[in-house]
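Values in this text are rule-based calculations from the coordinates and carry no lab data. Only a predicted model underlies this, so the values are computations on that prediction, with no experimental measurement involved. Note: ideal-geometry Cβ built from the backbone for every residue, glycine included; neighbour counts use all protein chains shown.
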Amino acid sequence: MARSTGKDAQALFHSLRSAYAATPTTLKIIDLYVGFAVFTALIQVVYMAIVGSFPFNSFLSGVLSCVGTAVLAVCLRIQVNKDNKEFKDLPPERAFADFVLCNLVLHLVIMNFLG
Amino acid sequence: MAAAAKAGEATLRHAFGNVLSFFILLLIGVLAFSIRLFSVIKYESVIHEFDPYFNYRVTQFLTKNGIYDFWNWFDDRTWYPLGRVIGGTVYPGLTLTAGTIWWLLNSLNIPLSVETVCVFTAPIFSAFASWATYLLTKEVKGAGAGLTAAALLAMVPSYISRSVAGSYDNEAVAIFALIITFYLYIKTLNTGSLFYATLNAIAYFYMVCSWGGYTFIINLIPMHVLLCIVTGRYSSRLYIAYAPLVVLGTLLAALVPVVGFNAVMTSEHFASFLVFIILHVVALVYYIKGILSPKMFKVAVTLVVSVGLVVCCAVIAILVALVASSPTKGWSGRSLSLLDPTYASKYIPIIASVSEHQPPTWPSYFMDINVLAFLVPAGIIACFLPLSDASSFVVLYIVTSVYFSGVMVRLMLVFAPAACIMSGIALSQAFDVFTRSIKFQLLRILGFSEADAGDGSSANVVPENDAVKVDKSEETIKERPSRKNKKKEKEQMEKAQAEKTSAKSKTEKRLLVLPMELSVIGLLLLVFMGAFYVVHCVWAAAEAYSAPSIVLTSYTHEGLHVFDDFREAYAWLRHNTEVDDKVASWWDYGYQTTAMANRTVIVDNNTWNNTHIATVGTAMSSPEKAAWEIFNSLDVKYVLVVFGGLVGYPSDDINKFLWMVRIGGGVFPHIKEPDYLRDGQYRIDSQATPTMLNCLMYKLSYYRFVETDGKGFDRVRRTEIGKKYFKLTHFEEVRQS
């Protein structure tokens, strides 16, 4: 049972890898950005666990800014992805402009809340 | 040639329709504004009730001292020894809005006073709210339904009751913020544009600034997202609509000092975080399903489920332990009383005693939403044909708001926009069918054989080039209604469903068409119903909801008698006492006393400190010496008591006295409610208990009352009072009116 699960896991891993390798480079760059943002958020959480959460607003704004940029980057990826039929009328420049606008608002709020 | 002519005709109709709807919207705005002016016409331009006086005082401070002093303001004129941090405990949206309007007008050299701006803020924002309802309903069902819903909202009595000219309270701007947040959410859901998602977050921020009822939004939207996921309507537009809202919304909510860290720590927000996580899981699942082959996907599912189940159980166990460790499970008292209506009466008498927090009676539904009460179910059905993301949202909105309005009469206000939207949809559909039938029958009678039933299909303001689009409707009938041009799609769906059995040929079209006479009579009846609604709304606005309650009127045989006792008393206090004198009264009058009399009070309508209120309540319920000691310890120099027995004013302090006993008794156990009741009945005549006849409230209210008519007949309680001749030993009467 465990043997077949192990083999299945390996096969799954391989197929996931090969399917992902087929995605266009632009999307992979965005995925890298998302991963980076999530990783930064994790580092902040670990730091808070070690040091304590005293200026709680700073912690909150730091973590939420990372999560926020990750979410916005995922939205951008959704809109730019050519496989998404719902968004084929949307020019990628417009998607990027919306992304920048939303990020501006997010970071304005973060700056305000950082203390 | 014919096609070009038809296209030209269509654009002309389109343009005409747009201009017409613009003017209709303008008129609706004027209607919404003017129907709320009855109190200004009948009485004067004055601020009503109790809470608006506090908001007015805060706005005065803001306009005089600027915004930085306003954020950092510590008010020492209320809650006498404690004071109140205004910057951190007030919802700043309303005062900032009015302050901005005042500043803008003054910089344009239009010198309106702060009071005028405050009095008229509510009608202006109700005009905005009806425009926002138009936008929201247009996203759900089309422009015709939008106009109807806007017209209904402009007049609905429930909304008028909290937004007359002079009712300067949070709900005046909050309802507008609510509707606009919902509109932007639906717009993002329909279009999938990140721009609208940003606007949605900013509108949500305005809502958080304005009213504590924002928790309704941050729980309704996650519920809707969950509903969409569970019913299989997940799409990437849902992700774009919800995920940025949660992150940006939480941050923006934490920015408002009143909410602060509650935005991440209280149970009221946990639903949004939970659904956020669920949404990400679902999105990931769909993504992986998209890139893997079906066989591999099954393998992935079994693997993840077995591992994930263990992790899930661990996380849930931790969460449950965390939440269960706090006594109220992390919910605030008011939210708990919404979920469990009996909670407040058992544990928190303060919340239970506010008259706005009582459950409504059946007649109040008909009083407040009138004809809409039976249009709402029709609207709910209309939302299901066809069901789209937007229409499922409004159905969810109305179901939840009906439940909450049944718990607390104050929340009828949140129910009103939902009722208007639903009724607007229902009315618009009904008009659709009737006018289409009339047009079809007319054309048939007048002998045009190729009468396109599709031509006369809608009274909607956005007509289409039907001849061209008819073929498309057959193809799109199969796809799920989750496209970008939702509105056109929906109209086509309506037509297409009505012509379910039609083939590609036009001649076989069979829309829902009623006989001519029936449609005409039906139209007339609908118009009559609308007329009844309008008459009722105007009556409610004029008679029921325009009383400023600071000025009272009564009709005697001599004509109209106006009582301005409240303002005269406050003016007396203002002019005849020292600036630093403290005034004690029951908490109802606190805001008005600080605003109009400009004296420090002990307790006011904010009711944040139950013990302090209980102290005042105990003082009012104790005999004179004990009461004097309590008041002396609080440095009180004047005691304000409202008494209505002479003229028959029913909401005076003697009627509220039992609440004072209950609240006082909740904190100080020597005050026991049965001591003041004779056989369980509350009386003040000769059968009353000695504790009642000796307490401070009785003595202050009825001191020298017997001199007015010789017998001491109390017109509100309709008996003669028990103890008629007595002297006050520790208090001195300085003014009565």
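If you place +1 on the Cβ of every Lys and Arg, -1 on the Cβ of every Asp and Glu, and leave all else neutral, what size is the dipole of region B:86-201 about its Cα centre, to the nearest 20 Debye?
Once rounded to the nearest 20, the dipole reads 320 debye.
Please work out the FRET efficiency for the pair A:Met111 and B:Phe563, using the Cβ-Cβ distance as r and a Förster radius of 51 Å; give the result to the nearest 0.05.
0.40
Where does each of B:Trp587, B:Trp362 land when they are ranked from fewest to most other beta-carbon atoms within 10 angstrom?
In increasing order of surrounding Cβ atoms, one gets B:Trp362, B:Trp587.
Given H placed on each backbone N at 1.01 Å, which residues far from B:Thr719 in sequence or on other chains put an amide H within less than 5 Å of it?
Correct list: B:Asp714.
Go ahead and estimate [θ] at 222 nm for the protein assembly as shown from helices alone: -39,500 (n - 2.57) per DSSP H run with n ≥ 4, summed, over the residue count, rounded to 500. All intermediate terms of the calculation are to be shown ahead of the outcome.
Details: 37 runs with 554 residues, N = 852.
Result for the protein assembly as shown: -21500 deg cm²/dmol, rounded to the nearest 500.
Using Cβ contacts closer than 10 Å as the measure, can you line up B:Tyr286, A:Tyr33, B:Tyr397 from fewest to most?
So the ranking, lowest neighbour count to highest, is B:Tyr286, A:Tyr33, B:Tyr397.
Tell me, in nm to one decimal, what length is gained between B:Asp76 and B:Ser633 on full extension, where the rule is 0.36 nm per residue of separation less the Cα-Cα distance?
198.8 nm
Assuming R0 = 41 Å, can you tell me the calculated FRET efficiency for the pair B:Val538 and B:Lys289, based on Cβ-Cβ distance, to the nearest 0.05?
Using R0 = 41 Å, I get an efficiency of 0.10.
For all pairs of alpha-carbon atoms in the protein assembly as shown, what percent lies in each bin of width 10 Å, listed from the first bin to the last filled one?
2, 10, 18, 21, 19, 14, 9, 5, 2, 0, 0
What does the charge dipole of chain B about its Cα centre add up to, to the nearest 20 debye, if the Cβ of each Lys and Arg holds +1 and the Cβ of each Asp and Glu holds -1? Provide the component values of the computation, followed by the final result.
Working: 61 positive and 57 negative charges, 445 e Å.
It works out to roughly 2140 debye.
What Kirkwood Rh does region B:152-202 have if only Cα atoms enter the pairwise 1/r average? Answer in Å.
Details: mean 1/r = 0.0813 Å⁻¹.
About 12.3 Å for region B:152-202.
Could you give the distance between the Cα centres of region B:111-133 and region B:144-203, to the whole Å?
14
Out of the DSSP beta bridges found with both residues in chain B, what percent are antiparallel (nearest 5)?
Beta bridges within chain B, antiparallel portion: roughly 65 percent.
May I ask for the percentage of alpha-carbon pairs in chain B that lie more than 39 Å from each other?
The calculated P(r) of chain B puts 46 percent of pairs beyond 39 Å.
Given a Förster distance of 51 Å, report the FRET efficiency between B:Met265 and A:Lys28 from their Cβ-Cβ distance, rounded to the nearest 0.05.
According to the calculation, E is roughly 0.85.
Which one, B:Thr198, B:Ile229, B:Thr89, is farthest towards the positive end of the dipole of region B:74-230 when Lys and Arg carry +1 and Asp and Glu -1 on their Cβ?
It is B:Ile229.
With the convex hull built on the Cα atoms of region B:561-720, state its orientation-averaged projected area in nm².
9.8
Highest mean first, how do B:51-58, B:250-257, B:418-425, B:165-172 rank when packing is the count of other Cβ atoms within 10 Å averaged over residues?
The packing order, highest mean first, is B:418-425, B:165-172, B:51-58, B:250-257.
Fewest Cβ neighbours within 10 Å first, please rank B:Lys723, B:Lys64, B:Lys141 accordingly.
B:Lys64, B:Lys723, B:Lys141
Which percent of Cα-Cα pairs in region A:25-114 sits in each 10 Å bin, short to long?
Per 10 Å bin, starting at zero, the Cα-Cα P(r) for region A:25-114 comes out as 17, 40, 27, 13, 3 percent.
Taking Cα atoms, how many degrees apart are the long axis of helix B:516-539 and the longest axis of chain B, rounded to 10 and kept between 0 and 90?
20
Pairs to check: B:Lys672/B:Lys711; B:Lys187/B:Lys295; A:Lys88/B:Lys289; B:Lys672/B:Lys724; B:Lys42/B:Lys656. Give those whose C-alpha atoms are more than 27 Å from each other in this structure. Mind showing how you got there, number by number?
Values: B:Lys672/B:Lys711 30 Å; B:Lys187/B:Lys295 38 Å; A:Lys88/B:Lys289 21 Å; B:Lys672/B:Lys724 25 Å; B:Lys42/B:Lys656 29 Å.
In this structure, B:Lys672/B:Lys711; B:Lys187/B:Lys295; B:Lys42/B:Lys656 lie more than 27 Å apart at Cα.
Ranking request for peptides B:260-270, B:666-676: highest mean number of other beta-carbon atoms within 10 Å first, then the rest in descending order.
B:260-270, B:666-676
Spin-label point model (7 Å from Cα, Cβ direction): what's the B:Tyr403 to B:Lys724 distance in nm?
Inter-label distance under the simple model: 5.8 nm.
Label points 7 Å out from Cα along the Cβ direction at A:Ala9 and A:Val100: separation in nm?
Label at A:Ala9, label at A:Val100, 4.5 nm between them.
Might you report the magnitude of the Cβ-based charge dipole of the protein assembly as shown about its Cα centre, with Lys and Arg at +1 and Asp and Glu at -1, to the nearest 20 debye?
Values: 70 positive and 64 negative charges, 549 e Å.
The calculated dipole for the protein assembly as shown is roughly 2640 debye.
Residues of B:302-314, mean number of Cβ from any other protein chain within 10 Å of their own Cβ, rounded to a whole number?
1
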